[in-house]
Amino acid sequence: MAAATITHYPPAEAAAPSAAPRKAHRQAGVQLEFALKVVMTDDEILERAREILVARMREETWIFDSPNRVREYLKMQFAELQHEVFGVLWLDARHAFIRDEQMFRGTLTQTSVYPREVVKSALLTNAAACVVYHDHPSGAAEPSTADELLTRTLKDALALVNVRVLDHLIVAGAGTPTSFAERGLL
């Protein structure tokens, strides 16, 4: 919830003698001063920070050139979710950020992922590479056998349309996200 406070100063002729600093502002053309106090919850602040980060990524042409850079972004985005999300960071041929697409939402313990939909999105996005990710709300970052099978399936499906899967990361709470590439699972 946000609250705003607007402070109006009286016209010069109605101002009290102690309003000398205000008179200087009015002489410079400032007739009205505003004081804004924004009250936000922690969750609202974090959501706004995420929006700012994504906007900067688009403006500055972020290059995802290391697993650590991807980890930082994903951890900020998904560390506190209470449900599983599967998504893809679509990248161009230089591995510059095109967009982050949260493709599937699941429950506390699982998400259904459809490779056909991922390939379709890759073609619509005109991506050359991607990083797939999902979160484990349980806090355990270890990849399951199903995670490994999904990664191989997506890698094979996307290879048919010349899109490279650079990594698959698992975000698990405040811990360090697990990189399939660093573990040799790609």
Residues of segment 141-186 being closer than 19 Å to residue 107 by Cα, of a type in the set (Ser, Thr, Tyr) and assigned to a strand (DSSP E or B), in sequence order, are none
Name the single residue, out of those in segment 141-157 being aliphatic (A, V, I, L, M) and surrounded by 15 or more Cβ atoms within 10 Å (Cβ to Cβ), that is nearest to residue 173 (Cα to Cα).
141
Can you name the residue in segment 78-94 that is in contact with a Gly (Cβ under 9 Å, 6 or more places away or on another chain) and under 17 Å from residue 167 (Cβ atoms) and is also surrounded by the fewest Cβ atoms within 10 Å (Cβ to Cβ) among such residues?
85
Which of (1) open to solvent by less than 80 Å² (accessible area, probe 1.4 Å); (2) under 30 Å from residue 42 (Cα atoms); (3) in a loop (DSSP other than H, G, I, E, B) does residue 138 not meet, given it meets every other one?
(1)
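How many residues does segment 114-130 hold that are buried (at least 22 other Cβ atoms within 10 Å of the Cβ) and either part of a helix (DSSP H, G or I) or modelled with pLDDT under 95 (or both)? Even if it seems obvious, please write down each step before you answer.
Step one: of segment 114-130, the residues buried (at least 22 other Cβ atoms within 10 Å of the Cβ) are 118, 122, 127, 129-130.
From what's left, either part of a helix (DSSP H, G or I) or modelled with pLDDT under 95 (or both): 118, 122.
Of the residues in segment 114-130, 2 are buried (at least 22 other Cβ atoms within 10 Å of the Cβ) and either part of a helix (DSSP H, G or I) or modelled with pLDDT under 95 (or both).
So, residue 75, is that one closer than 22 Å to residue 52 by Cα, in a helix (DSSP H, G or I) and open to solvent by 30 Å² or more (accessible area, probe 1.4 Å) or not? If you could, list the steps in order and put the result at the bottom.
Details: closer than 22 Å to residue 52 by Cα: yes; in a helix (DSSP H, G or I): yes; open to solvent by 30 Å² or more (accessible area, probe 1.4 Å): yes.
Yes, satisfied.
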Apart from one, (1) closer than 30 Å to residue 42 by Cβ; (2) open to solvent by less than 70 Å² (accessible area, probe 1.4 Å); (3) of a type in the set (A, V, I, L, M, F, W, C); (4) more than 13 Å from the chain's Cα centre (by Cα) all hold for residue 108; the odd one out is (2)
Residue pairs, Cβ under 7 Å, 6 or more apart or interchain, first in segment 78-91 and closer than 17 Å to residue 116 by Cα and in a strand (DSSP E or B), second of a type in the set (A, V, I, L, M) and open to solvent by 20 Å² or more (accessible area, probe 1.4 Å). List them.
86/103; 86/113; 87/103; 88/103; 90/98
Of the conditions (1) surrounded by 15 or more Cβ atoms within 10 Å (Cβ to Cβ); (2) at pLDDT 80 or above; (3) more than 18 Å from the chain's Cα centre (by Cα), residue 19 clears all except one; give me its number.
(2)
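Quick check, is residue 177 in contact with a Ser or Thr (Cβ under 8 Å, 6 or more places away or on another chain) and either at negative phi or open to solvent by less than 20 Å² (accessible area, probe 1.4 Å) (or both)? Even if it seems obvious, please write down each step before you answer.
Values: in contact with a Ser or Thr (Cβ under 8 Å, 6 or more places away or on another chain): no; either at negative phi or open to solvent by less than 20 Å² (accessible area, probe 1.4 Å) (or both): yes.
No: the conditions fail for residue 177.
For residue 160, are the conditions met, namely being surrounded by fewer than 20 Cβ atoms within 10 Å (Cβ to Cβ), in contact (Cβ under 8 Å) with a residue 24 or more places away in the chain and under 15 Å from residue 129 (Cα atoms)?
Numbers: surrounded by fewer than 20 Cβ atoms within 10 Å (Cβ to Cβ): yes; in contact (Cβ under 8 Å) with a residue 24 or more places away in the chain: yes; under 15 Å from residue 129 (Cα atoms): yes.
Criteria met by residue 160.
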Look through 69, 99, 50, 58 and report the one residue that is within 16 Å of the chain's Cα centre (by Cα), in a helix (DSSP H, G or I), of a type in the set (Lys, Arg) and at pLDDT 75 or above.
69
Considering residues that are in contact with a strand residue (DSSP E or B) (Cβ under 7 Å, 6 or more places away or on another chain) and under 15 Å from residue 75 (Cα atoms), the number found within segment 122-142 is 7
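The values are calculated or read from the model by the stated rules, or taken from the named source; none is laboratory data. As the structure is a computational prediction, the values presented were derived from the model and not from experiment. Every residue, glycine among them, receives a Cβ derived from its backbone with ideal geometry; neighbour counts consider all protein chains shown. What goes into the accessible areas is simple: the full protein's heavy atoms, side chains included, and nothing from ligands, DNA or RNA. Shrake-Rupley method; radii C 1.70, N 1.55, O 1.52, S 1.80 Å.
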